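The numbers here are math on the coordinates, done by the rules we state, and not lab data. Quantities reported herein were computed from a predicted structural model and do not represent experimental measurements. When we count neighbours, we look across all protein chains shown, and the Cβ atoms used for this are built from the backbone with ideal geometry, even at glycine.
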Amino acid sequence: MKILVIGGGGREHAIAWRLALEPGVEVWASPGNPGTARVATCLAPPSSGVDGYLQVAASVQPDLTVVGPEAPLVAGLADALQSKGFRVLGPTRKAAQLEASKIFAKQVMVEAAIPTAAYRVTQNLDQAMQCLREFSYPLVLKADGLAAGKGVVIAHDQPEAQSALRTLHSTLGPRIVIEEFLHGEEASFIVLSDGKQVIPLEASQDHKAIRDNDEGPNTGGMGAYCDGRILTPVQTAAVMDRVVRPAIDYMSANGAPFTGFLYAGLMMTPQGPKVLEFNVRLGDPETQSLLHRIQGGFSNALYAAASRELAGVELDWKTDPSVCVVMASAGYPEQPRIGDPISGVDEAETSGAVVFQAGTRVGPAGLETAGGRVLGVTASGGDLRQAIDNAYRGVASIHFDGMQFRKDIGRKGLKRW
Ligand code: AMP
Ligand code: GLY
């Protein structure tokens, strides 16, 4: 089976890596990256946007196309591929509104009775400033559209909220959601859906802040871990009953069945799970830790979901916990520096870790940094402590000037259990 993976980040390297381990699967990637090129044939799209990827699909003729990132989905890539007769895993443009518009997502949650933070939608700056009075602090401000992780601000007092509103308004547009701050433990819960049936993946936990102890500005994600204890069976059942089933059923009943990976960013509150956000694709770096634990059935499940035949399909999981430590470039998240030579990737892999590549490129002297999040060093272990040690042993082999990584990925789990 020929599978084409769209995207060029760490998540897509992990998808291509897992698929390439499965018998009978030939993996192509577009655009891919130097890491993906180790496990797949990479093709740069001849032009940007949906058309470029359509041309890639036309030349590869894949049996299945898996779309990794949200931007091409929101731009309608799944619809375009389907209309040309290709089998594709990823939601239509209409279903991708669950991520593309925080306001749309909130409306779905209200209409489907999915628990979420209390909120108000504001259409302009004046209205937003007035609305602040209705909330206590801290409160959360969210720009409506896609913002690559930069659209959410937690404000601790009124001056901070006012200043953040002005910035969000001028950089990301007038429509802003103001919402209640929720307390609890966060979890990422991702399911694979064919539009009606779902297979839940294991829960995982992201680390969004740049520095240890969740300090500093938020990033796309500085690391993740996956451990069967993140949610109890009772919590998992609550998430499936109150969040996942209502969302999938609502989208299907409203003419936008959701095919692909639906990601619920959850706050586990004393009142039960509440949704912080929906994403319409696998999380990054959650995927790196999740896919490290899958030991079979991945390509079959993706193909079945894209064929609307997910009933009875299962994924084969290892019980070992896994950890992904992101190594980011100097200046990330504000102004990532690029062009720093990277050494030690092979040594890290010899030590037992898998090094997923994200912001990398091949320069005159070899591998170098080419973006904010550079590598995702991923390992598993007999227990969470061993998984952490194994991942950090890999990290210790790697060097590039200005590298930043957190030293506490997965530690929350050690404290909890
Ligand atoms: P989002 O992109 O909506 O998931 O928000 C990014 C991060 O902001 C989340 O991972 C949470 O850490 C935090 N966050 C978002 N909404 C809330 C909320 N209502 N209460 C507390 N924290 C939140
Ligand atoms: N790790 C969070 C995300 O992928 O949005």
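This model, with +1 at the C-beta of Lys and Arg and -1 at the C-beta of Asp and Glu, gives the chain a dipole about its Cα centre of some 380 debye.
A straight chain from Ala148 to Lys2 at 0.36 nm per residue would run longer than the Cα-Cα distance by 49.5 nm.
Placing +1 at every Lys and Arg Cβ and -1 at every Asp and Glu Cβ, with all other atoms neutral, what dipole size does the stretch 273-372 have around its Cα centre, in debye to the nearest 20?
Working: 7 positive and 13 negative charges, 58 e Å.
Using only the charged Cβ atoms, the result is roughly 280 debye.
Along its three principal directions, the equivalent ellipsoid of the stretch 85-134 from the Cα gyration tensor extends over semi-axes of 30, 14, 6 Å, largest first. Each of Trp17, Trp417 was scored by other Cβ atoms within 10 Å of its Cβ. Arranged with the fewest first, they read Trp417, Trp17.
Running Debye on the stretch 1-114 with equal point scatterers at the Cα sites and no solvent, what base-10 log of I(q)/I(0) appears at q = 0.12, 0.15 Å⁻¹? Results for the stretch 1-114 at q = 0.12, 0.15 Å⁻¹ read -0.43, -0.64.
Dividing the C-alpha radius of gyration of the chain by 2.2 N^0.38 Å, with N its residue count, gives 0.94. Our summary gives the stretch 272-388 a relative contact order of 28 percent, counting only alpha carbon pairs under 8 angstrom and 6 or more residues apart.
So what is the diffusion coefficient of the stretch 311-379 in µm² per second by Stokes-Einstein at 25 °C and 0.890 mPa s, using a Kirkwood Rh over Cα pairs?
Values: Rh = 13.6 Å.
In µm²/s, the coefficient is 181.
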